[in-house]
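> Pasting in a structure now, in structure tokens, and then I'll have a few things to ask.
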Amino acid sequence: MITNALAVHDLKFQLDGDTSTVCGTVPNCETQKYDWDSLFNENGTNTSLVNAAGPFTAASFVRDFGVKVSRTETCSLTNTTSETFCTADTTTYGTGSKDTLNITGGWECNKDNNVNSKIDIMNAYAASYTDPTSGDKILYFGLDKNKDNGNNNVGFWFLQGEANCTAGAGNTPWTGNHQDGDVLVVSEFTSGGGVSGISAYRWAGGASGCIDSHDNPNAKAGGCDGLPIKSGADCKKALEGGDSICATTNSGTLPFNGNIKTKWLTSDATLGVGHTVVPPDFFEGGIDITKVFEGAGGTVPSCFSTFIGDTRSSQSLTATLFDYARGVLGECKTTLATKAGDTANGGSASPGSIGTGTVSSGTDTATLTVTGTKVWGGTLAWYLCGPIATGSCDKTKGVQVTSRTVSNESNPEAFVSGTANLTSVGRYCWTAHFEPNAESEKAGVKPADDNGENECFTVAPVTPKLTTSASCSASPCVLGSTLKDKAFLEGTASQPGTNGGNSTYPSINATNGAAADHSISWVLYSPKSGGCSETKATSPSSVTVSGDNTTTGYGPTSYTTKVSDGIGTYTFVASYPGDGTGSNTNAATSTSCPDTSGTETVTVTGKASISSAQRWLPNDRVVVTGDANLNGKLTVTLFPGGKCEGTAVAGQKYETTFSEATSPQAFNTSNTSFFVGTKPDGSAGGAAGEYSWKVEYTDSNLENPASHCEKSNVSITD
């Protein structure tokens, strides 16, 4: 009889030779025990019993046979209505594949168009169970095959890593590698005697390791012995309590040693496609991983990702491997997600602007989830790439910002990265990588890279402020004055540095960023044409920029006005184009014409002046008096000098004739052209000094008077 010590077949999962929860009489079982029907639906999907909360934390069902839907179609692994069995199978081992070899380089798969029914797997399944009482990890496994082979040999690999093979033309290599602690279970069963034996083996070391019972992959040091770490027998027999591995079939002893029914589709070589498995083609078993490894020594694997059930020529480790069915348990999962700029747990936000030219990257927060084990540790490293136009960060090219040891006991702050100094605008992306330590790797914990979401942010350039201050060399500012303008630049950013990060991203953590450069240019608008139309060239027309200047200013630029420029408002317009395309500093908003700030304009007026130049227009008035009517000729002539001699002034000789004119008669000269001093047009006239008029009169009836000379002395002081 079974003792009180719990064995692998005594737990809540039935290992009794069928798939249902029907309770047999030998061995005794409790009601409400679980079986394969409890874990899988008709289509092979998991029931709700399989969930992370346990006790069944993972399970996987793999259908490995196809049916033909039509003559022209290839075999379908999903159709549930066709009853035409397909003999082709794309999951058979290639020649030379051995359990003693690493997966990559040692295993091959191929497509077999007519698989021998005695070695053909129909379905394979596995489940992971954690005993609520002891905490032990139990693996359950099973398969149903197409036809009895008399002596039937099967195997199950439980791999912590991923492994797969997609058959092509001819033999195709598998991908994947062994990890320390991978488990191989092999068993033999017959049509009448049930399971004759089952053994578990451990893979020691990694890809270059071997099968060894002492976890020693060094053959020279006595390792690689190829011995099992535990052996067992048929679960239905009266085993002593405490067995940690057993298997059984629907043959041999009771309670189930005949045909069994499955809720899922299967196929029998005689009965065809249906739901019946004849003896001994249903095989199932269980292994208490915790007890087996604790008994053998070494780290207990905490999780398994992949299982591979196979048929084989014997239980030998060098047996010929035939058909296989591969499933994904997915227990060993390490997922990593990052979020840039999360401010929780001491994080800091991603920057929006380059600021003064050096800005903190903000932090990146990692969410690291390790399933399959409660205890784990390793190194978490963050990398930053940028600027990059598209895509995500490649950690092999990125700049490592932070690397620290983390574990299941780390506080939330440990999963927040440090910061880097960014010296260039553009798009940046984080990435993170987790590498388990040696102990965790042995326990099945895998490395992980982040999922590529929420990693990127963009740093924008700054737009500086440009102001000017116009002035005039004179007050009031009049034509002829010199106009000047100074420019003040504020809010530029230094240029990207080149001595930080690495050769791919040299601007990250750089310290040699130069001040913003380029130049400020001016245009001066005159008041003509309504202003803001005619321009004047200033000197200099531009000046070189070197970062901010809010005190002394850039310039000045200047222009000396001319009378021809006109009076009115003169407007300086300054512009700064920034550092160039893709730089840290955008173009500043240019000042404008017309000016709205009142700092870019100068009002220029003209001078009002008075000048005078005296002039004298010589004229004379002559009165002729006679005792009788006048009948004669009067001549009045202007001479330079005071003696009425010499050459008369041109055009200044006047004559008039009287005929029976009553006395007296007055005569006025009409000089309008000869000026002493300044002419009306401003040019010089006659020189100042003495001038004389000579007056002569001759009469035909009266006695002629003597000629008369009158003198004027002109003195001009302006």
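The values are calculated or read from the model by the stated rules, or taken from the named source; none is laboratory data. What you see is a predicted model, and the numbers here were worked out from it, not measured in a lab. Reconstructed Cβ throughout: ideal geometry from the backbone, glycine too, with neighbour counts over all protein chains shown.
> Output yes when any residue across the stretch 378-399 is in contact with a strand residue (DSSP E or B) (Cβ under 8 Å, 6 or more places away or on another chain), under 30 Å from V543 (Cα atoms) and in a loop (DSSP other than H, G, I, E, B), and no when none is.
So far as the stretch 378-399 goes, no, none of its residues is in contact with a strand residue (DSSP E or B) (Cβ under 8 Å, 6 or more places away or on another chain), under 30 Å from V543 (Cα atoms) and in a loop (DSSP other than H, G, I, E, B).
> Take the stretch 663-718 and flag every residue that is assigned to a strand (DSSP E or B) and of a type in the set (G, A, S).
Hits for the stretch 663-718 are A666, G677, A684, G686, G689, S692, S712.
> Would you confirm whether any residue within the stretch 501-512 is modelled with pLDDT under 95, of a type in the set (A, V, I, L, M, F, W, C) and out of contact with any Leu (no Cβ under 7 Å at 6 or more places or on another chain)?
Among the residues of the stretch 501-512, not one is modelled with pLDDT under 95, of a type in the set (A, V, I, L, M, F, W, C) and out of contact with any Leu (no Cβ under 7 Å at 6 or more places or on another chain), which makes the answer no.
> Sticking with this one: Under the condition of being assigned to a strand (DSSP E or B) and among the β-branched types (V, I, T), which residue from the stretch 322-362 is farthest from S424 (Cα to Cα)?
Looking at the filtered set, the residue picked out is V328.
> Only one residue in A169, A200, A126 is in the same structural domain as T74 (by TED's automatic domain parsing), free of Cβ contacts under 8 Å to residues at least 24 places away in the same chain and among the small types (G, A, S). Which one?
Values: A200 fails: free of Cβ contacts under 8 Å to residues at least 24 places away in the same chain; A126 fails: free of Cβ contacts under 8 Å to residues at least 24 places away in the same chain.
Result: A169 is the single residue among A169, A200, A126 that is in the same structural domain as T74 (by TED's automatic domain parsing), free of Cβ contacts under 8 Å to residues at least 24 places away in the same chain and among the small types (G, A, S).
> Hey, among the residues in the stretch 316-339 that are modelled with pLDDT of 95 or more and of a type in the set (K, R), which one's nearest to L368 (Cα to Cα)?
So, considering only residues that are modelled with pLDDT of 95 or more and of a type in the set (K, R), the one nearest to L368 (Cα to Cα) is K339.
> Name the residue that is farthest from L422 (Cα to Cα), counting only residues in the stretch 501-557 that are part of a loop (DSSP other than H, G, I, E, B) and β-branched (V, I, T).
Going through the stretch 501-557, the residues part of a loop (DSSP other than H, G, I, E, B) turn out to be 501-507, 509-518, 526-527, 531-534, 537-538, 540-541, 545-548.
Retained after the next criterion (residues that are β-branched (V, I, T)): 504, 511, 538, 545.
Details: T504: 14, T511: 10, T538: 39, V545: 23 Å.
Taking the candidates together, the pick is T538.
> Is there a residue being farther than 30 Å from D281 by Cβ, at pLDDT below 90 and assigned by TED's automatic domain parsing to the domain that holds L101 anywhere in the stretch 174-193? It would help to see each step written out before you state the result.
If we filter the stretch 174-193 for residues that are farther than 30 Å from D281 by Cβ, which is where we start, we get 175, 177, 179-181.
When the remaining residues are screened for being at pLDDT below 90, the result is none.
Checking the stretch 174-193: not a single residue is farther than 30 Å from D281 by Cβ, at pLDDT below 90 and assigned by TED's automatic domain parsing to the domain that holds L101.
> Tell me, which residue of the stretch 599-649 that is hydrophobic (A, V, I, L, M, F, W, C), assigned to a loop (DSSP other than H, G, I, E, B) and touching a Ser or Thr at 6+ places or on another chain (Cβ under 9 Å) is farthest from N701 (Cα to Cα)?
A613
> Output the residue which, of all residues in the stretch 549-589 that are of a type in the set (D, E, K, R) and crowded, with 18+ Cβ neighbours inside 10 Å, is farthest from the chain's Cα centre (by Cα).
It comes out as D565.
> So, in the stretch 626-656, exactly how many residues are farther than 30 Å from T717 by Cβ and exposed (fewer than 12 other Cβ atoms within 10 Å of the Cβ)?
The total comes to 3.
> Taking the stretch 410-424, which residues are more than 16 Å from G497 (Cβ to Cβ), out of contact with any helix residue (DSSP H, G or I) (no Cβ under 6 Å at 6 or more places or on another chain) and aliphatic (A, V, I, L, M)?
A414
One line per residue, one yes/no per condition, for (1) within 16 Å of V359 (Cβ to Cβ); (2) in a strand (DSSP E or B):
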residue: G418; (1), (2): yes, no
residue: T431; (1), (2): no, yes
residue: E435; (1), (2): no, yes
residue: S440; (1), (2): no, no
residue: G452; (1), (2): no, no
residue: T458; (1), (2): yes, yes
residue: S469; (1), (2): no, yes
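> Moving to a separate point now. Go through the stretch 102-126 residue by residue and tally those that are in contact with a Gly (Cβ under 9 Å, 6 or more places away or on another chain) and part of a strand (DSSP E or B).
9
> Test of understanding: among E435, E439, which residue is modelled with pLDDT of 95 or more, out of contact with any helix residue (DSSP H, G or I) (no Cβ under 7 Å at 6 or more places or on another chain) and surrounded by fewer than 20 Cβ atoms within 10 Å (Cβ to Cβ)?
On the way: E439 fails: modelled with pLDDT of 95 or more.
The unique qualifying residue is E435.
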